[in-house]
1. Please give me the summed charge of the neighbours of Thr185: other residues whose Cβ is under 12 Å from its Cβ, Lys and Arg +1, Asp and Glu -1.
2. Alpha carbon centre of the range 172-203 versus the range 92-129: separation in Å?
3. Can you tell me how much longer the chain between Thr25 and Val44 gets when fully stretched, taken as 0.36 nm per residue apart minus their C-alpha distance, in nm with one decimal?
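Derivation of every value follows stated rules applied to the coordinates shown; laboratory data play no part. All values derive from a computational prediction rather than experimental measurement. Glycine gets a Cβ as well: all are built from the backbone with ideal geometry, and neighbour counts include every protein chain shown.
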Amino acid sequence: MHDMLKPVLIKYCLPAGGITLILLTADWLVYRNGATQKYHLFRVMTDNLTHGLVGGWCWAVACLLAGWSGRCNVVETFLCFAMASAVDVDHFIAARSIFLKDATSLSQRPFGHMTTLIPLGTAILYGLVHLTGASSYFSCLSAVPTIFAVAVFSHHVRDASRRGLWLWPFGSTPPLPYVFYIVTTLSIPILVLYFEKIKTFISSLLSSPTSKTMLNEIVVQNV
């Protein structure tokens, strides 16, 4: 058992240490360093870049732990980076302005920071990818729903260290303790692995001859 876990721990611990250092440094620069508080553009750009790095890291480490390799995973990692950064576009949409001052002066959080939308968005993307058969043309597209969930959730968790998670329509949680936010972020790649295993298991059940026969019988009975 120890011999089996050792390669996984080596693969995980080194990247985990790296992203933790990035998080601690970025959070210090953006929120705790008095010298940078007057440089608003620097703080916003650093904050957004960190969101992207965290999202990309989560997906890259999940691929590393799962043993997924290839050019497609590089594209997926970049896509997760881009999605995690793009979440903040909703600030400009809500402000109805292209100016940074307006986008960062909102009285409440914009719609893209609503954590309860993640399952809905993931389900919609999953349906679109599979109903259109898009993944048969470009295999990377099959991972888009999960990438979306990872990118947005990692963004929300980082913001939640200051504002909590916005669980509409139930309200918001208290701000997450800083250590809990770090641990949750580091846990995302492992959650992705379990999610993929569950998804594979369900897909195998649905694609089995017995399941197809049962589904056909149900359809016939309801016609």
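1. -1
2. So the two Cα centres are separated by 21 Å.
3. That works out to 5.4 nm of additional length.
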